[in-house]
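Structure, as structure tokens:
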Amino acid sequence: MWHLSLPGEFLLLAHQESGRVRDSEQVAYGCAAAELGELALRRRLRVRVRKSELFGFEVYRLSGTIELLDTGRTGLGWADDLLDALQSGSGMHKWLRHRRRAALTLHRDALIELGLLRHRPGRFLAGERHHPDPSARGSLIARLRAVYDQRAPLDERLLFLSDLVDGAGLAGELGLRLSWQQRKDRARGVGAVLAFSEDLRDTSTVLGGAIPSPRSGGGG
């Protein structure tokens, strides 16, 4: 199995078998959010958020400030470059807006180099296709489905990936569905997510929620 960073996993899921994505702008935001998620998983940053409690549920304001925890090297070139860039401080939404297109290009090219996306040029830019490797994509979907169906435990990486998939509206087309009880548990910070730190849960939640709704027309 390929060992991909969170942006690579998200992009692999976002590309349909047809080689298209539902909304390229939305996927670009999701890819930039996944970069921050990878750094959060490595304990290099967190997103500081404001939230309150309502009827036992955690209610988030879907904005936040990126707070660096450790600027030590990660061994990933792009991640180390991000840590350097983030040292000047930034709000989450401002950063995602600034970073989104560079993130999409960087990680899409990396998947092409690994052979996990097959680029098919078109006559025009809109005619381009990037076909995902069916084995790698299918393996990721199967791992997520086992968690959604509660046949496998939820780990930190799959928490972030599932929040990104939900935030980008990809769950339905991937055949994934959280039950009402699962959603309630996540909103209350109990059940499968209880073992994770509050900072990690908060960061995962707001990164998934920061992905904008699809533009009318979609495509790309």
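The values are calculated or read from the model by the stated rules, or taken from the named source; none is laboratory data. Predicted model only: the values in this text are computed from it and were never measured. In this analysis, Cβ positions are derived from the backbone assuming ideal geometry, glycine residues included, and neighbour counts consider all displayed protein chains. Surface areas here come from the heavy atoms of the whole protein model, side chains and all, with no ligands, DNA or RNA. Shrake-Rupley method; radii C 1.70, N 1.55, O 1.52, S 1.80 Å.
Within region 71-101, restricting attention to residues that are free of Cβ contacts under 8 Å to residues at least 60 places away in the same chain and among the small types (Gly, Ala, Ser), which residue is surrounded by the most Cβ atoms within 10 Å (Cβ to Cβ)? In this case the residue turns out to be 90.
Filtering region 159-187 to residues that are assigned to a helix (DSSP H, G or I), open to solvent by 10 Å² or more (accessible area, probe 1.4 Å) and at pLDDT 90 or above leaves 163, 166, 167. Filtered by the rule that a residue be at pLDDT below 85 and assigned to a loop (DSSP other than H, G, I, E, B), region 32-65 gives 55, 56.
Do we find that residue 19 is small (Gly, Ala, Ser), in a loop (DSSP other than H, G, I, E, B), open to solvent by 30 Å² or more (accessible area, probe 1.4 Å) and modelled with pLDDT under 95 in this structure? Considered against the rule, which asks whether it is small (Gly, Ala, Ser), in a loop (DSSP other than H, G, I, E, B), open to solvent by 30 Å² or more (accessible area, probe 1.4 Å) and modelled with pLDDT under 95, residue 19 comes out as no.
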